[in-house]
Amino acid sequence: MCDDLVIMLRVVRLLKRRRRRDDVALVRVCADGELTDGEIRRIEGLPAVICCTGGRLHAVGLICPHAGVQLVKGRIVDDCIECPLHGARFALDGGSVRRGPAGHGLPAYDVVVRDGAVYVSRHPRGHGRSRHPWGACR
Ligand code: FES
């Protein structure tokens, strides 16, 4: 009986430690429901933007890899974020290039809604696919 209690306390302690570590890896963006549909907002403290489309939240890199323009001034078209300068499009769900002239994809971040707030991972979960060298987009 006493051994069970000790094991249970260790598990609780481990879970608390893991939750603390996860919180350090997240950046708070805003309150849940604060972003309006079609909105693109820069995330303070990260080179990323968060977008809301169709009730879903996505976070991708801030800078267009083609010529370095900030995508916060872009717009959302067909589940893509469109660069305001030359019109390259990047998939919101992973940062892949959907339309040139950009050759490289954007980093994509995890979005977590917890306790009434929206958080984004401090580090990207991956990088969107680039265009093929011969120019075809994925
Ligand atoms: S700067 Fe974004 S497509 Fe050219």
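Rule-based calculations on the coordinates, nothing more; no lab input. Small disclaimer: the values here were computed from a predicted structure and weren't measured. So basically every Cβ, Gly included, is an ideal-geometry build from the backbone, and we count neighbours across all protein chains shown.
Of the residues Ala108, Ala88, which single one is touching a residue at least 12 places away in the same chain (Cβ under 8 Å), closer than 19 Å to Leu26 by Cβ and out of contact with any Leu (no Cβ under 8 Å at 6 or more places or on another chain)? Let's see the steps before the verdict.
Values: Ala88 fails: closer than 19 Å to Leu26 by Cβ.
Going through Ala108, Ala88 in turn, just one is touching a residue at least 12 places away in the same chain (Cβ under 8 Å), closer than 19 Å to Leu26 by Cβ and out of contact with any Leu (no Cβ under 8 Å at 6 or more places or on another chain): Ala108.
If I filter region 15-38 for residues that are within 13 Å of the ligand (Cβ to nearest atom) and farther than 19 Å from Arg122 by Cβ, do I get at least one hit? Spell out how you get there, then give the answer.
Taking region 15-38 as the starting set, the residues that turn out to be within 13 Å of the ligand (Cβ to nearest atom) are none.
The answer is no; no qualifying residue exists.
Here Gly95 does not fit the description of being of a type in the set (Gly, Ala, Ser), loosely packed, with under 11 Cβ neighbours inside 10 Å, free of Cβ contacts under 8 Å to residues at least 40 places away in the same chain and within 16 Å of the ligand (Cβ to nearest atom). I want to confirm something. Restricting to region 58-91 and keeping residues that are in contact with a strand residue (DSSP E or B) (Cβ under 6 Å, 6 or more places away or on another chain) and among the β-branched types (Val, Ile, Thr), which single residue is nearest to the ligand (Cβ to nearest atom)? In this case the residue turns out to be Ile81. Filtering Ile43, Ile7, Ile76 for residues that are surrounded by 17 or more Cβ atoms within 10 Å (Cβ to Cβ) and free of Cβ contacts under 8 Å to residues at least 40 places away in the same chain leaves a single hit, Ile76.
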